[in-house]
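This report concerns only the one structure given below.
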Amino acid sequence: MPVIVVANPKGGAGKSTLATQLAGYLASRGHAVMLGDLDRQQSSRLWLGLRPDDAAPIRGWDMTGEGPLKPPKGTTHVVIDTPAALRGKKLANVLRVAHRVLVPVQASVFDMHATSDFLAELAEHKHAARAEVGIVGVRVDARTIAADRLRSFVETTGLPVLGHLRNTQTYVHLAAQGLNLFDVAGPRVARDLAQWQGICQWVDAAA
């Protein structure tokens, strides 16, 4: 059972947006998907509560307990949304079950510095050995100087850049309805779906 963890040490990095989109993509492929939320704000859980009955089904996973994480039976794929400053026991718990760790990074010096420290911690963590790490540039135009700086930063990590997601209100409007890009079709989301191709291929490789 592939378990994909979305993690970054900073708040507002786009973790919940990525987690809900990933869950939506997997559900659109017919998988039995469970979306867990470790963040105190419970944004992903709120999104699930807004989701229409006729949308591709995604189950929620109550992760409020303190014990080791064990995905419930009847699920083929799991996505876990995590809080800022993921450290200690919570980090160890998610890494024990993770097959993929997706790290969203914004093209600011503060985000890149915090992410660099987090990636170094991941590399040294005893439970991270089997987890493949990928990076996604969020709220960034791939044609800008900021994107160039982000690419230069990522090159120092040796990790794959799976894509760059533009800063658009499309994610916000869809989230308010409990929807994601993969629930809708047409020119409204064509540009954004194209930006997700590399991420989706990376996720599919975990199956």
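Kindly indicate which of ARG143, ARG151 is farther than 21 Å from LEU22 by Cα, among the basic types (Lys, Arg) and touching a strand residue (DSSP E or B) at 6+ places or on another chain (Cβ under 8 Å). Even if it seems obvious, please write down each step before you answer.
Details: ARG143 fails: touching a strand residue (DSSP E or B) at 6+ places or on another chain (Cβ under 8 Å).
Result of the check over ARG143, ARG151: ARG151.
For ALA146, the requirement of being modelled with pLDDT of 95 or more, surrounded by fewer than 19 Cβ atoms within 10 Å (Cβ to Cβ) and aliphatic (A, V, I, L, M) is not met.
For segment 168-188, a residue qualifies if it is part of a loop (DSSP other than H, G, I, E, B) and at pLDDT below 90, and the qualifying residues are ALA185, GLY186.
Taking helices (runs of 4 or more DSSP H) that do not extend beyond segment 1-120, which have at least 2 residues that are in contact (Cβ under 8 Å) with a residue 12 or more places away in the chain, more than 30 Å from SER152 (Cα to Cα) and polar (S, T, N, Q)? Walk me through it before giving the result.
Working: elements: 15-28, 43-50, 88-97.
Hits in segment 1-120: 43-50.
Looking at ALA129, ALA176, can you tell me which residue is over 20 Å from SER43 (Cβ atoms), loosely packed, with under 14 Cβ neighbours inside 10 Å and of a type in the set (A, V, I, L, M)?
Working: ALA176 fails: over 20 Å from SER43 (Cβ atoms).
Exactly one of ALA129, ALA176 is over 20 Å from SER43 (Cβ atoms), loosely packed, with under 14 Cβ neighbours inside 10 Å and of a type in the set (A, V, I, L, M), namely ALA129.
Hey, among the residues in segment 111-135 that are over 17 Å from LEU86 (Cβ atoms) and hydrophobic (A, V, I, L, M, F, W, C), which one's modelled with the highest pLDDT? It would help to see each step written out before you state the result.
As a first pass, look at segment 111-135 and keep what is over 17 Å from LEU86 (Cβ atoms): 112, 129-130, 132.
Narrowing further to those that are hydrophobic (A, V, I, L, M, F, W, C): 112, 129.
Working: MET112: 88, ALA129: 76.
In this case the residue turns out to be MET112.
GLY49 falls short of the stated requirement of being closer than 19 Å to GLY30 by Cβ, loosely packed, with under 15 Cβ neighbours inside 10 Å and either touching a helix residue (DSSP H, G or I) at 6+ places or on another chain (Cβ under 6 Å) or among the small types (Gly, Ala, Ser) (or both). Sort out which residues of segment 11-30 are over 20 Å from ASN93 (Cβ atoms) and either out of contact with any Pro (no Cβ under 9 Å at 6 or more places or on another chain) or of a type in the set (Phe, Trp, Tyr) (or both), and write them in order of number. Residues satisfying the conditions are GLY12, THR20, GLN21, GLY24, TYR25, SER28, ARG29, GLY30. What are the pairs, 6+ residues apart or on separate chains, where a residue within segment 171-185 that is on the phi > 0 side of the Ramachandran plot and in contact (Cβ under 8 Å) with a residue 40 or more places away in the chain has its Cβ under 8 Å from a residue that is not in a helix (DSSP H, G or I) and not hydrophobic (A, V, I, L, M, F, W, C)? Final answer for the pair search is GLY178/ARG51; GLY178/PRO52.
Looking across segment 190-200 at every residue that is in contact (Cβ under 8 Å) with a residue 24 or more places away in the chain and not basic (Lys, Arg), the one that is nearest to VAL136 (Cα to Cα) is identified as ILE199.
The values are calculated or read from the model by the stated rules, or taken from the named source; none is laboratory data. Computed from a predicted model, the values in this text were never measured in an experiment. Here Cβ is always computed from backbone atoms with ideal geometry, including for glycine, and neighbour counts include all displayed protein chains.
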